[in-house]
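K.L.:
Take this structure, written in structure tokens, and hold onto it; I'll ask about it next.
Read-outs throughout are calculated quantities, based only on the coordinates presented, and are distinct from any laboratory measurement. These figures come from a predicted structure and were not determined experimentally. Here the Cβ positions follow ideal geometry from the backbone for every residue, glycine too, while neighbour counts run over all protein chains shown.
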């Protein structure tokens with residue numbers, strides 16, 4: 001049996017978005033919409049619209065997923081312990097709605113804090129920076 005919120009998520013999200021964000025799934029590397037995007041703008045939660053990451057903090061990690069050195073607002077992204085797949089990792093979630101975003105690892109650029117926020121494209125919407133505006 002599903003609750004009302006689950007029904008709303010299923011109606012709003014594609015099957016892949018639902019699987020990634022609500023069932024803690026993962027899209028295949030190099031297949032998501034944003035893994036190699038270089039457009040200026042803000043990445044938002046596909047579920048609730050919360051602003052999560054800025055293109056200014058995005059970099060090519062070679063992993064096949066969008067990677068960021070930090071969230072745009074530290075309070076927007078939380079961490080939870082993930083013990084799935086016979087390992088312990090730090091899962092990253094949207095603090096507004098609890099959506100699974102991906103994982104954070106300590107192998108990011110050392111000159112930018114050393115963290116790599118590895119995010120599923122399916123958990124994101126993108127808002128392009130407007131010419132002359134700010135993202």
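K.L.:
Please report how far the C-alpha centroid of the stretch 4-21 lies from that of the stretch 62-79, rounded to the nearest whole angstrom.
P.N.:
Taking the Cα centre of each part, the stretch 4-21 and the stretch 62-79 sit 22 Å apart.
K.L.:
Once you have a ≥ b ≥ c as the square roots of the Cα gyration tensor eigenvalues for the stretch 69-121, tell me rounded if a/c is under 1.5, and otherwise prolate or oblate according to whether a/b is larger than b/c.
P.N.:
Working: a/c = 2.10, a/b = 1.11, b/c = 1.89.
It is oblate, given that a/c is not under 1.5 and a/b is not larger than b/c.
K.L.:
Provide 107, 90 in ascending order of the number of other Cβ atoms located within 10 Å of each residue's Cβ, fewest first. Before the final figure, lay out the partial values.
P.N.:
Numbers: 107 12, 90 16.
The order, fewest Cβ neighbours first, is 107, 90.
K.L.:
Given the options 112, 24, 44, which has the most mean-square fluctuation in a GNM of the chain, springs set between C-alpha atoms less than 10 angstrom apart?
P.N.:
With Cα springs under 10 Å in the chain, the top fluctuation among 112, 24, 44 is at 112.
K.L.:
Using helices alone, what [θ] at 222 nm do you get for the chain, with -39,500 (n - 2.57) per DSSP H run of 4 or more residues, divided over all residues and rounded to the nearest 500?
P.N.:
On the way: 2 runs with 18 residues, N = 135.
Taking each H run of at least 4 residues, the total per residue is -4000 deg cm²/dmol.
K.L.:
I want to verify a result. In a Gaussian network model of the chain, Cα cutoff 10 Å, which of these has the top mean-square fluctuation: 27, 80, 96?
P.N.:
Result for the chain, Cα springs under 10 Å: 80 fluctuates most.
K.L.:
Compute the distance in nm between two label points, each set 7 Å from the Cα along the Cα-to-Cβ direction, one at residue 36 and one at residue 15.
P.N.:
For the pair residue 36/residue 15, the computed spacing is 2.6 nm.
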